[in-house]
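Dropping a structure here in structure tokens format, bear with me for questions.
The values are calculated or read from the model by the stated rules, or taken from the named source; none is laboratory data. Computed from a predicted model, the values in this text were never measured in an experiment. Quick reminder, even Gly has a Cβ in these numbers, built from the backbone with ideal geometry, and neighbours come from all protein chains shown. These area figures cover heavy atoms from the full protein model, side chains too; ligands, DNA and RNA do not enter into them. Shrake-Rupley method; radii C 1.70, N 1.55, O 1.52, S 1.80 Å.
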Amino acid sequence: MAGVIARRVRKQRAFRWTVLLVLGVFFVLPFVAMVEFSTRDAETWPLLFDWPQLSERYPALAEGITNSLLQAALTAVLMLVLLVPTAVWVRLRLPQLRRLVEFICLLPLTIPAIVLVVGLAPVYAWVTYFLGGSSLTLVFAYTVLVLPYAYRAIDAGLSAIDVKTLAEAARSLGAGWGTVMWRVVLPNIRSAVLSAAFLTVALVLGEFTIASLLNRTNLQVAINFLGKSSATMSVAVSLTALLLAFVLLLLLSLLGGRRRSSAAVAPVSPKETTT
Amino acid sequence: MARRPRLRGVTSLLGTVPFFAYVAIFLIVPTLVVVIGAFAGNDGGVTLANLRALGTEVVLDAFGRSIALSAISALVGAVLGALLAYALATANPEGVLRRTVTAAAGVLAQFGGVTLAFAFLATIGLSGFVTVWLQDTFDINLFENGVWLFELPGLALVYTYFQIPLMVIVFLPALDGIRPQWREATESLGGTTWQYWTRVAGPLLAPAFLGSALLLFANSFSAYATAAALVSQGSPLVPLQIRGALTSEVLLGQQNVGKAMALGMVVVVAVVMALYSLLQKRTSKWLG
């Protein structure tokens with residue numbers, strides 16, 4: 001019996017390394033290729049990190065980068081302002097609404113971004129009428145896109161603490177709702193808020209569908225546009241954007257690993273929105 | 001006093017007004033626009049003409065190709081992803097290898113869109129790294145029979161890049177649910193490895209595998225950006241057809257046909273996701 005098990009362990013190890021090697025090559029190759037491709041022209045990388053030069057040579061790209069960073073920050077703020085108080089409030093006072101809120105928040109998962117754009121087009125005609133056609137107005141649509149992932153993260157954070165007792169304790173000591181939210185609940189779900197914000201930023205930096213079809217500019221739209229004229233530069237920007245998103249998401253998975261709560265791991269990846 | 005609880009309920013509801021107002025405008029209204037628009041005629045009346053337009057050859061072909069592409073990339077992704085997940089499941093659960101690969105899978109599953117398209121252009125594009133290398137060292141022309149990277153085979157290859165990691169994420173928990181005792185029990189009753197896989201582990205894992213494959217299907221079915229960045233000629237897929245309908249408002253009635261196609265996509269995704277959650281329930285019952 002021991003011999004059988006030892007043989008199986010050996011076989012499994014051989015299998016493991018074969019699979020990892022073959023798939024590893026498949027997954028690493030595009031990155032190697034991107035590095036090689038973007039260094040064919042020696043001035044690409046220095047130019048990318050020389051902001052004044054870059055915005056002069058590629059104004060659309062510079063605009064896209066600025067827009068995307070602003071969109072990411074604003075979406076994260078709007079998402080938190082909208083979601084955290086509502087989630088806390090529903091837990092405390094309206095538990096019968098929890099299923100409804102959850103359903104609404106997860107709804108965008110079954111609506112592909114390309115479908116959402118079709119419905120958003122008339123809504124954005126009004127947004128443009130009231131607020132102008134700035135690319136920053138995309139923040140409204142992006143907040144909807146990130147809702148499922150942000151909700152899951154925040155809901156998992158709230159499940160890990162006893163919101164009700166905390167809030168009652170604070171209230172009985174004379175705290176107002178603002179204090180409860182800002183100084184009691186928020187510090188307790190800090191890591192959940194952080195993961196929701198990270199996911200939001202990573203998603204918004206990768207968004208293309210809505211921006212391109214509503215005729216607004218962001219990083220991905222600019223990269224796509226640039227690809228037609230300067231392939232080297234667009235690959236270099238792609239690589240940088242990717243690495244940035246990867247660092248964010250790796251930090252996120254480290255956060256999640258430390259917390260070790262299985263509920264925080266989204267069973268559905270945020271792919272739908274980025275592809 | 002009797003009225004107070006109710007009053008409290010009403011004021012409590014006020015706290016949720018911003019959230020519900022927001023999702024009403026930016027989520028519910030767009031959904032309704034698609035659903036109602038699919039049945040609205042150009043004069044505002046109710047019509048089935050848009051849905052009938054789904055029956056035209058162009059649209060049917062697009063749906064067929066979208067479904068074929070999603071099925072192939074889901075199948076390949078599911079099989080390779082399951083192999084990788086099994087490789088991880090047999091490794092030390094607290095080991096560095098497993099932790100690194102699952103973290104990488106979590107990150108790569110989100111990798112998509114324009115950047116992924118450019119990554120593959122740099123790899124196997126016309127002047128890509130691998131293309132040039134194969135040409136120079138082995139005199140192999142990757143695109144001897146046409147530039148397939150910008151067509152369905154290319155898209156299927158590119159989609160696999162995010163499908164495999166997604167499969168690892170969703171399938172690994174099911175593999176972890178398999179207990180070593182089951183294998184020992186099979187062996188002590190005289191079963192072979194083949195019998196263990198076909199009679200014990202296979203049937204137990206089948207719902208999880210099928211469910212994960214369905215999720216992968218929905219994932220690539222709703223993908224748009226990667227295809228939009230790679231395919232430059234024509235609109236072979238449904239999302240690209242919808243783009244055509246959205247951007248060419250001049251074509252009479254195209255707008256609402258776009259909505260009908262969008263509704264068709266939602267129906268496909270909803271059916272697939274419903275099956276997925278059904279299979280997911282079975283999985284958690286058997287392997288939870």
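With label points built 7 Å along Cα→Cβ from the Cα atoms of B:Ala68 and A:Arg40, find their separation and express it in nm.
3.2 nm
Under unit Cβ charges (Lys, Arg +1; Asp, Glu -1), what dipole magnitude, rounded to 20 debye, does chain B have relative to its Cα centre?
So the dipole magnitude of chain B works out to roughly 1680 debye.
Kindly tabulate the residues in the range B:114-148 with an accessible-area decrease of at least 50 Å² between the chain alone and the assembly of all protein chains, using a probe of 1.4 Å.
Those are B:Val114, B:Thr115, B:Phe118, B:Ala122, B:Phe129, which lose 50 Å² or more relative to the chain on its own.
I've got another one for you. From the gyration tensor of the Cα coordinates in the range A:42-274, what semi-axes in whole Å does the equivalent ellipsoid have, largest first, with each one equal to sqrt(5λ)? Write down the numbers at each step before the final one.
On the way: eigenvalues 255, 81, 52 Å².
Semi-axes (√(5λ), whole Å): 36, 20, 16.
In angstroms, what radius of gyration and Dmax does the protein assembly as shown have, counting Cα atoms only?
25.1, 89
Under a plain spin-label model, where a point goes 7 Å from the Cα along Cα-to-Cβ, how far apart in nm are A:Lys164 and B:Leu51?
It works out to 4.6 nm between the two label points.
Given only helices, namely DSSP H runs of n ≥ 4 each adding -39500 (n - 2.57), what is the per-residue ellipticity at 222 nm of chain B, to the nearest 500 deg cm²/dmol? It would help to have the intermediate numbers written out before the result.
Working: 14 runs with 205 residues, N = 288.
Dividing the helical sum by the residues of chain B leaves -23000 deg cm²/dmol.
Choose one answer from A:Val35, A:Val204, A:Val117: the residue with the largest mean-square fluctuation in a GNM of chain A with alpha-carbon springs under 10 Å.
Its mean-square fluctuation being the largest, the pick is A:Val35.
Taking the Cα centre of the range B:135-288 as the origin and placing charges on Cβ (Lys, Arg +1; Asp, Glu -1), which of B:Ser284, B:Ser212, B:Val170 is farthest toward the positive end of the dipole?
Of the options given, the answer is B:Ser284.
At what distance in angstrom do the alpha carbon centres of the range A:196-213 and the range B:145-175 lie from each other?
Centre-to-centre (Cα) distance: 21 Å.
Excluding ligands, DNA and RNA, what is the solvent-accessible area per residue of the range A:93-191 at a probe of 1.4 Å, expressed in Å²?
Working: 4500 Å² over 99 residues.
Result: 45 Å² of accessible area for each residue.
Taking every eigenvalue of the Cα gyration tensor of the range B:141-190, multiplying by 5 and rooting it, what semi-axes result, largest first, whole Å?
Ellipsoid half-lengths, sorted descending, are 42, 15, 6 Å.
How large are Rg and Dmax for chain B when calculated on the C-alpha trace, in angstrom?
Cα-based Rg and Dmax for chain B come out at 24.3, 89 Å.
Here is a further query. Given a Förster distance of 41 angstrom, what is the FRET efficiency for A:Phe31 paired with B:Leu275, based on the Cβ-Cβ distance and rounded to 0.05? Each step should come with its number before you reach the end.
Working: r = 35 Å, r/R0 = 0.86.
Efficiency computed from Cβ-Cβ geometry: 0.70.
I'd like the projected area of the range A:2-66, averaged over all directions, using the convex hull of its alpha carbons. Report it in nm² with one decimal. Don't jump to the answer; show the numbers that get you there.
On the way: hull surface 28.4 nm².
Convex hull of Cα atoms, orientation-averaged projection: 7.1 nm².
Can you list the residues of the range B:202-229 whose accessible area drops by at least 10 Å² going from the chain on its own to the full set of protein chains, with a 1.4 Å probe?
Hits at the 10 Å² cut-off: B:Leu215, B:Asn219, B:Ser222, B:Ala223, B:Tyr224, B:Ala225, B:Ala228, B:Ala229.
Which positions within the range B:79-93 get 30 Å² or more of their accessible surface covered by the other protein chains, compared to the chain by itself, with a 1.4 angstrom probe?
Buried by 30 Å² or more upon assembly, which counts only protein chains, are B:Leu83, B:Leu84, B:Tyr86, B:Ala87, B:Thr90.
Same structure, new question: Assign unit charges at the C-beta atoms only (+1 for Lys and Arg, -1 for Asp and Glu), then state the dipole size of chain A relative to its Cα centre in Debye, rounded to the nearest 20.
1520 debye
On to the next question. Say we join alpha carbon atoms closer than 10 Å with springs in a Gaussian network model of chain A; which of A:Glu102, A:Glu63, A:Glu168 then has the biggest fluctuation?
A:Glu168
At 0.36 nm per residue, and after removing the present C-alpha to C-alpha distance, how many nm does the segment from B:Gln181 to B:Ala206 gain when stretched out fully? Provide the component values of the computation, followed by the final result.
Working: separation 25, 0.36 × 25 = 9.00 nm, distance 1.91 nm.
Residue separation times 0.36 nm, minus the Cα-Cα distance, leaves 7.1 nm.
Under a point-charge model restricted to the Cβ atoms of Lys and Arg (+1) and Asp and Glu (-1), what is the dipole moment magnitude of the protein assembly as shown relative to its Cα centre, in debye to the nearest 20? All intermediate terms of the calculation are to be shown ahead of the outcome.
Working: 39 positive and 24 negative charges, 568 e Å.
Around 2720 debye, computed over the protein assembly as shown.
Ok, one more. Does the range B:127-262 come out rounded, prolate or oblate, given a ≥ b ≥ c as the square roots of the eigenvalues of its C-alpha gyration tensor, rounded meaning a/c under 1.5 and, failing that, prolate meaning a/b above b/c?
Details: a/c = 3.99, a/b = 1.64, b/c = 2.44.
Since a/c reaches 1.5 but b/c is at least a/b, the shape of the range B:127-262 is classed as oblate.
Return a whole-number percent for the relative contact order of the range B:169-254, with Cα pairs under 8 Å and 6 or more residues apart as the contact set.
Numbers: 24 pairs, mean separation 19.0, N = 86.
Over the range B:169-254, the number comes to 22 percent.
Beta carbons within 10 angstrom, averaged per residue: use that to sort the peptides B:59-72, B:77-90, B:231-244, highest first.
Details: B:59-72: 18.0, B:77-90: 22.5, B:231-244: 19.6.
The most tightly packed comes first, giving B:77-90, B:231-244, B:59-72.
Next up: Counting only other chains, what is the mean number of Cβ atoms within 10 angstrom of the Cβ of each residue in peptide A:8-16? The partial results should precede the final answer.
Numbers: counts 3, 1, 0, 2, 5, 3, 0, 4, 9.
Rounded to a whole number, the mean comes out at 3.
Report the one residue of A:Tyr124, B:Val29, A:Leu214 whose Cα lies farthest in the direction of the positive end of the charge dipole of the protein assembly as shown (charges on C-beta: Lys and Arg +1, Asp and Glu -1; origin at the Cα centre).
Going by the Cα projections, it comes out as B:Val29.
Before we go on, tell me the buried accessible area for the A/B pair, both chains summed, 1.4 Å probe, in Å² to the nearest 100. Intermediate values should be presented prior to the final figure.
Values: alone 16060 and 17080 Å², together 26220 Å².
Buried: approximately 6900 Å² between B and A.
Here's a follow-up. Report the Cα centroid-to-centroid distance between the range B:186-230 and the range B:40-118 in angstrom, as an integer.
15 Å
Kyte-Doolittle cut-off -0.5, length cut-off 30 Å along the helix's own axis using Cα: show which whole DSSP H helices in chain A pass.
Working: long enough: A:2-38 (53 Å, 1.03); A:59-93 (50 Å, 1.30); A:138-159 (31 Å, 1.22); A:231-259 (42 Å, 1.82).
What comes out of the filter, once short or polar helices are dropped, is A:2-38, A:59-93, A:138-159, A:231-259.
Also, quick follow-up: Could you rank the peptides A:69-79, A:214-224 by their average count of other C-beta atoms within 10 Å per residue, with the highest value first?
Values: A:69-79: 20.2, A:214-224: 23.7.
Most protected by this proxy first, the peptides run A:214-224, A:69-79.
Could you list which residues have their amide H under 5 Å from that of B:Thr47, counting only those 5 or more apart in sequence or on another chain, with H placed in the peptide plane?
Residues meeting the criterion, in which the H sits 1.01 Å from N, are B:Ala40, B:Gly41.
Of A:Val88, A:Val28, A:Val19, which has the largest mean-square fluctuation in a 10 Å C-alpha GNM of chain A?
Taking springs between Cα atoms under 10 Å, the residue moving most is A:Val19.
Also, I was wondering about something else. With an 8 Å Cα cut-off and a minimum separation of 6 or more residues, compute the relative contact order for chain A in percent. Spell out each step's value before the answer.
Values: 249 pairs, mean separation 79.8, N = 275.
So the answer I get is 29 percent.
Packing-wise, with mean Cβ within 10 Å as the measure, how do A:195-203, B:44-52, B:111-119 rank, highest first? Present the calculation step by step, with values, prior to reporting the outcome.
On the way: A:195-203: 24.9, B:44-52: 12.7, B:111-119: 27.7.
By packing density, highest mean first, the sequence is B:111-119, A:195-203, B:44-52.
Is the shape of the range B:15-103 best called rounded, prolate or oblate, per the rule: a/c under 1.5 gives rounded, else a/b larger than b/c gives prolate, else oblate, with a ≥ b ≥ c the square roots of the Cα gyration tensor eigenvalues? It would help to have the intermediate numbers written out before the result.
On the way: a/c = 6.89, a/b = 1.64, b/c = 4.21.
It is oblate, given that a/c is not under 1.5 and a/b is not larger than b/c.
Shifting gears a bit: Tell me, what % of the accessible area of the protein assembly as shown is carbon and sulfur with a 1.4 angstrom probe?
67 percent
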